[in-house]
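Trainee: Quick one: structure below, then a few questions.
The values are calculated or read from the model by the stated rules, or taken from the named source; none is laboratory data. Small disclaimer: the values here were computed from a predicted structure and weren't measured. Heads up, the Cβs are rebuilt from the backbone with ideal geometry, glycines too, and the neighbour counts pull from every protein chain shown.
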Amino acid sequence: MSRTPVQPQPEVARAAGVMLFGGVLMTQILGLPQGFAIEGYVGVFMIFSCVIAWAGAVWLLIEDASRAWWYALANAALTILLCLLTLLFGLPVVDEPLRGWWAARHNMLLLFFSANIVVLAAWVLGGRRKSAHTPVSSARERAYRQRRTDM
């Protein structure tokens, strides 16, 4: 049994990241009517969240740089944090209490997609950190590392 940790393939990880950002985007788009029904500023912030998720998906499509994965990690972690704070304490200037809407599909899907993005980004970044100090054993890996450092 090998003690070498499994590292994600860059193409597969990028595709999975794009699909997860797409899931966040579709969840926010489907929740827009409810957001505008709660309060106008909630809907506007949901549109802003859609733009941020779209930007993350496009960035992962364009390049496989560590900056894109750090963006994905920060974006998803902040989404989880703010979603949990909203569910625990509610929103300001809203008459309708939003605390305790744990079973709402929109909230559960948003937490699911964001948690998966956090796990995937941490796996990719951790794998890159570990593989940066290991010796190169094949021409394919050497070419991949050279391409990655040129970005």
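Trainee: Do the conditions hold for Trp70, that is, is it hydrophobic (A, V, I, L, M, F, W, C) and loosely packed, with under 15 Cβ neighbours inside 10 Å?
Mentor: Taking the combined requirement at face value, the residue satisfies it.
Trainee: Has the range 27-50 got any residue that is among the β-branched types (Val, Ile, Thr), surrounded by fewer than 17 Cβ atoms within 10 Å (Cβ to Cβ), within 27 Å of Arg147 (Cα to Cα) and more than 10 Å from the chain's Cα centre (by Cα)?
Mentor: So far as the range 27-50 goes, no, none of its residues is among the β-branched types (Val, Ile, Thr), surrounded by fewer than 17 Cβ atoms within 10 Å (Cβ to Cβ), within 27 Å of Arg147 (Cα to Cα) and more than 10 Å from the chain's Cα centre (by Cα).
Trainee: Continuing with the same structure: Of all residues in the range 2-26, how many are more than 23 Å from the chain's Cα centre (by Cα) and not small (Gly, Ala, Ser)?
Mentor: 2
Trainee: Kindly list, by first and then second residue, each pair from a residue in the range 28-52 that is farther than 17 Å from Ala104 by Cα to a residue that is modelled with pLDDT of 90 or more and not hydrophobic (A, V, I, L, M, F, W, C), limited to pairs with Cβ atoms under 7 Å and residues at least 6 apart or on different chains.
Mentor: Cβ pairs passing all conditions: Ser49/Gln28; Cys50/Gln28; Ile52/Asn75.
Trainee: Please find, among Leu81, Leu60, the residue that is under 30 Å from Arg128 (Cα atoms) and surrounded by 15 or more Cβ atoms within 10 Å (Cβ to Cβ).
Mentor: Result of the check over Leu81, Leu60: Leu60.
Trainee: Give me the pairs, please: first residue somewhere in the range 5-18 and modelled with pLDDT under 90, second residue anywhere and of a type in the set (Asp, Glu), beta-carbon distance under 8 Å, and either six or more positions apart or on two chains.
Mentor: The qualifying pairs are Pro10/Asp64.
Trainee: Give the residue that is modelled with the highest pLDDT, with candidates limited to residues of the range 99-140 that are within 19 Å of Gln34 (Cα to Cα) and of a type in the set (Lys, Arg).
Mentor: Selected residue: Arg105.
Trainee: Conditions first: (1) more than 23 Å from Gly127 (Cβ to Cβ); (2) surrounded by 15 or more Cβ atoms within 10 Å (Cβ to Cβ). Ala16 passes all but one, so which condition is the exception?
Mentor: (1)
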